[in-house]
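Asks: What follows is a single structure, and I will ask about it in a moment.
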Amino acid sequence: MRITMIGAGYVGLVSGACFADFGHFVTCMDSNIDKIDALNLGQLPIYEPGLDELVAKNVRDGRLVFSSELDQAIHGADAIFIAVGTPSRRGDGHADLSYVYAAARDIAARTDGKAIIVTKSTVPVGTGDEVERIMREVRPELDIAVVSNPEFLREGAAIGDFKRPDRIVIGTNDENARRVMTEIYRPLYLNEPPLLFTDRRTSELIKYAANAFLAVKITYINEIADLCEQVGANVQEVARGIGLDNRIGPKFLHPGPGYGGSCFPKDTQALVKTAQDNGTPLRIVETVVSVNEQRKRGMARRIIQACGGDVRGKRIAILGLTFKPNTDDMRDAPALSVITALQDVGAKVTAYDPVGIEQASHYLSHVDFAADAYACAEGADALVIVTEWDAFRALDLDRIKAALKEPLIVDLRNIYRPDDIRAKGFRYISIGRL
Ligand code: NAD
Ligand code: UGA
């Protein structure tokens, strides 16, 4: 099959490289010429484990090419995937669909006459209808099918998620589009992930309902963690105790500083807006959005309290900046709320992240970036673990203690055992455990 990906970001690039690895011929097209030029020089615009090897191999084998020319990219394609961004619209939280609609217009103007357009971007219910309307308006004679095929990969585990998905959702009533989509995903049948065919609107809603459900689950365990602290219980044991129930499941029950990233925050907000617009407010999701926002800000208070109630003039060392490990993505990272709140009350901040410093430097100011975890701790009044990179799980605690001014660790990801770390002479504050 010949596949075109419009948008070579986290989703477009990973999906494109994986489809090429299945044996399809893929062109990744992006309107950002610098990105395409870099890709053509073998430089990836994002950090995603394993992606550089996968891209290099498929480029070498002639199955993956990059282009900033739409005509060239879509010529002869069996399916054209739209994988452009759908960020929160400034001011009202609705999904900004301008990139999706611009892509639809451009494709309609240049396609050969027959096309299957597949929306992989996360888009609100009814977007497929609008994409179809726009394309018919631009070229009424076109023979098109517009399919919804939401993506469920996670950053940091994107290749594994794409190649071994729990399910593949395909929203279309068009028989030919169904056949083409089945053929595109055929190489995955070996692992037998369920191929779920639905109508387009249902498919669009499945994506938001899934992300919002996961955000609810995280927020629930975060609130249970707060309760654990008040009543002297251990949230990790509570999570295990409930997660062993198959109806609940053990995943997404890790308490932390609040969910962040390029998707949960924007997708929960967009779902809230869709529901309000349709007169059926989703009160649970509305509450989750506001509880999570408060939680991210509340993390700074926890650190200030641990430092004796005042951090003016004190130096706080932050380990981990990205919204989760194994990515360089800083979009809506909890570290941003934590650091700016600390700076607002006069703290000086040193930070270290294994891969996120370059991205973080675009979002933060007046932060001293350190070369490693030990340099970060040097002379600090407290060490705060914000993102659970593996590299932080087995720190040389004697060295950290010697570097710190005060032996205080605030662990917002529960990566150490309280007893172990206290035995080393630290004061240790974590989440939902005494
Ligand atoms: P991204 O910002 O990393 O990439 C989007 C790319 O699209 C950019 O490179 C941009 O230059 C390009 N682009 C924008 N308009 C274009 C146009 N008209 N023509 C060609 N290229 C264009 O975004 P992302 O994180 O890959 O997310 C893309 C979509 O996938 C979003 O809707 C997101 O919600 C969804 N999604 C993301 C993830 C994830 O882990 N990041 C997972 C599942 C779904
Ligand atoms: C999430 C979903 O997991 C993907 O299925 C989805 O495709 C994607 O959003 C999307 O639509 O873009 P991602 O944002 O990459 O993926 O990362 P997650 O692993 O889901 O983590 C999101 C946030 O929740 C992170 O800040 C993470 O630290 C936090 N989290 C996650 C917790 O605090 N506790 C948990 O138990 C799990």
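No value in this document is a laboratory result; all are computed from the given coordinates. A quick note: this is a predicted structure, and the numbers were derived from the prediction, not measured. Quick reminder, even Gly has a Cβ in these numbers, built from the backbone with ideal geometry, and neighbours come from all protein chains shown.
Asks: Treat each spin label as a single point 7 Å out from the Cα along the C-beta direction, and report the ARG247 to LEU44 distance in nm.
Replies: Using points 7 Å along Cα→Cβ, the separation is 4.1 nm.
Asks: For the stretch 185-244, just say rounded, prolate or oblate: build the C-alpha gyration tensor, square-root its eigenvalues into a ≥ b ≥ c, call rounded for a/c under 1.5, and beyond that prolate if a/b exceeds b/c, oblate if not. Can you show the working numbers first?
Replies: Values: a/c = 5.51, a/b = 2.18, b/c = 2.52.
Note, shape of the stretch 185-244 comes out oblate.
Asks: Provide the three semi-axes, in whole Å and in decreasing order, of the ellipsoid equivalent to the stretch 2-197 as defined by the square roots of 5 times the Cα gyration tensor eigenvalues. If you can, show how the numbers build up before the last one.
Replies: Details: eigenvalues 110, 76, 63 Å².
So the three semi-axes of the stretch 2-197 are 23, 19, 18 Å.
Asks: Oh, and also: Toward the positive end of the charge dipole of the chain, about the Cα centre and with charges on Cβ (Lys, Arg +1; Asp, Glu -1), which of ALA56, CYS18, GLY298 goes farthest?
Replies: GLY298
Asks: Counting pairwise Cα distances across the stretch 295-343, what percent come out greater than 14 angstrom?
Replies: Here the long-distance tail beyond 14 Å is 51 percent of all Cα pairs in the stretch 295-343.
Asks: Only Lys, Arg, Asp and Glu count, each charged at its Cβ (+1, +1, -1, -1), so figure out the dipole size of the stretch 211-326 about its Cα centre, rounded to 20 debye.
Replies: That gives a dipole near 400 debye.
Asks: If you don't mind, there's one more thing I want to ask. Based on Cα positions only, what radius of gyration and what Dmax would you give for the chain, in angstroms?
Replies: Using the Cα atoms of the chain, the pair Rg, Dmax is 23.3, 75 Å.
Asks: What FRET efficiency would be calculated for the residue pair ASP112, ARG136, taking the C-beta separation as r and a Förster radius of 22 Å, to the nearest 0.05?
Replies: With a Förster radius of 22 Å, E is 0.85.
Asks: Is there a pair in LYS120/LYS207; LYS57/LYS120; LYS217/LYS266; LYS251/LYS324; LYS296/LYS401 whose C-alpha atoms are over 22 Å apart, and which pairs would that be?
Replies: In this structure, LYS57/LYS120; LYS296/LYS401 lie more than 22 Å apart at Cα.
Asks: Projecting each Cα onto the charge dipole of the stretch 344-434 (Lys/Arg +1, Asp/Glu -1 at the beta carbon, about the Cα centre), which of GLY425, ALA403, ALA351 comes out farthest on the positive side?
Replies: Final value for the positive-end residue is GLY425.
Asks: Which net charge results when you count Lys and Arg as +1 and Asp and Glu as -1 among the other residues whose beta-carbon is under 12 Å from that of MET330?
Replies: Its environment carries a net charge of -4.
Asks: State whether the stretch 234-328 is rounded, prolate or oblate according to the following rule on the C-alpha gyration tensor (a ≥ b ≥ c being the square roots of its eigenvalues): a/c under 1.5 gives rounded; otherwise a/b larger than b/c gives prolate, and the remaining case gives oblate.
Replies: Details: a/c = 1.99, a/b = 1.36, b/c = 1.46.
Oblate is the answer for the stretch 234-328, as a/c is 1.5 or above yet b/c matches or exceeds a/b.
Asks: Which value, in Å to one decimal place, does the Kirkwood hydrodynamic radius take for the stretch 110-245 when every pair of different Cα atoms is included?
Replies: Every distinct Cα pair counted, the radius reaches 17.6 Å.
Asks: Where in the chain are the DSSP H helices whose C-alpha atoms run 30 Å or more along the long axis and whose mean Kyte hydropathy is at least 0.0?
Replies: Span-like helices, by this rule, are 200-231.
Asks: Please order LYS207, LYS120, LYS163 by the number of other Cβ within 10 Å, starting at the fewest. Show your work: numbers first, answer last.
Replies: On the way: LYS207 26, LYS120 21, LYS163 17.
So the ranking, lowest neighbour count to highest, is LYS163, LYS120, LYS207.
Asks: Can you give me the distance in nm between label points at THR280 and ASP143, each placed 7 Å from the Cα along the Cα-to-Cβ direction?
Replies: About 3.7 nm, to one decimal.
Asks: Which FRET efficiency, nearest 0.05, do ASP390 and ARG154 yield, Cβ-Cβ r, R0 22 Å?
Replies: Working: r = 16 Å, r/R0 = 0.73.
Result of the calculation: an efficiency of 0.85.
Asks: For the stretch 91-161, which chymotrypsin sites (Phe, Trp or Tyr not before Pro) are in a loop by DSSP, counting at most 11 other Cβ atoms within 10 Å?
Replies: none
Asks: Next up: Contour minus end-to-end for ASP419 and HIS366, with contour as 0.36 nm per residue of separation and end-to-end as the Cα-Cα distance?
Replies: 15.6 nm is the gain from fully extending ASP419 to HIS366.
Asks: Between ASP398 and GLU53, what length in nm is gained on full extension when 0.36 nm per residue of separation is reduced by their alpha carbon distance?
Replies: Net length gain for the segment: 120.5 nm.
Asks: Length gain on complete extension for the stretch ASP37 to GLU175, per 0.36 nm per residue less the alpha carbon to alpha carbon distance?
Replies: Result: 45.9 nm gained on full extension.
Asks: To the nearest 20 Debye, how big is the dipole of the stretch 313-434 about its Cα centre, given +1 on the beta carbon of each Lys and Arg and -1 on that of each Asp and Glu?
Replies: Value, rounded to 20: 480 debye.
Asks: Please report, in debye to the nearest 20, how large the charge dipole of the stretch 2-197 is about its Cα centre when each Lys and Arg carries +1 at its beta carbon and each Asp and Glu carries -1 there.
Replies: Charge dipole, the stretch 2-197, about its Cα centre: 220 debye, nearest 20.
Asks: Separate question: Can you give me the three principal axis dimensions of the stretch 236-429 from its C-alpha atoms, in Å, biggest first?
Replies: The Cα atoms of the stretch 236-429 stretch 57, 40, 31 Å along the principal axes, largest first.
Asks: Right, another one. Place a point 7 Å from the Cα of GLN294 along the Cα-to-Cβ direction; which residues of the stretch 239-264 have their backbone N under 20 Å from it?
Replies: The answer is 255-260, whose backbone nitrogens lie closer than 20 Å to the label point.
Asks: Right, next: Answer with one residue from PHE66, THR122, ILE134: the one whose Cα lies farthest towards the positive end of the charge dipole of the chain, charges on Cβ with Lys, Arg +1 and Asp, Glu -1.
Replies: Result: THR122.
Asks: Something else now. If you plug each phi of the stretch 251-258 into the Karplus form 6.51 cos²θ - 1.76 cosθ + 1.60 with θ = phi - 60°, what whole-Hz ³J(HN,Hα) values come out, in order, with x for Gly and Pro?
Replies: 7, 6, 10, 9, x, x, x, x
Asks: Scan around ILE431 for amide H atoms under 5 Å from its own, H built in the peptide plane at 1.01 Å from N, and keep only partners 5 or more places away or cross-chain.
Replies: Excluding prolines and chain starts, which carry no amide H, the hits are ASN414.
Asks: If you don't mind, there's one more thing I want to ask. Going by the alpha-carbon gyration tensor, a ≥ b ≥ c the square roots of its eigenvalues, is the stretch 1-99 rounded (a/c under 1.5) or, if a/c is not under 1.5, prolate (a/b greater than b/c) versus oblate?
Replies: On the way: a/c = 1.89, a/b = 1.49, b/c = 1.27.
Note, shape of the stretch 1-99 comes out prolate.
Asks: Could you calculate the FRET efficiency of GLU237 with LYS405 from 1/(1 + (r/R0)^6), where r is the beta carbon distance between them and R0 is 56 Å, rounded to 0.05?
Replies: Rounded to the nearest 0.05, the efficiency is 0.95.
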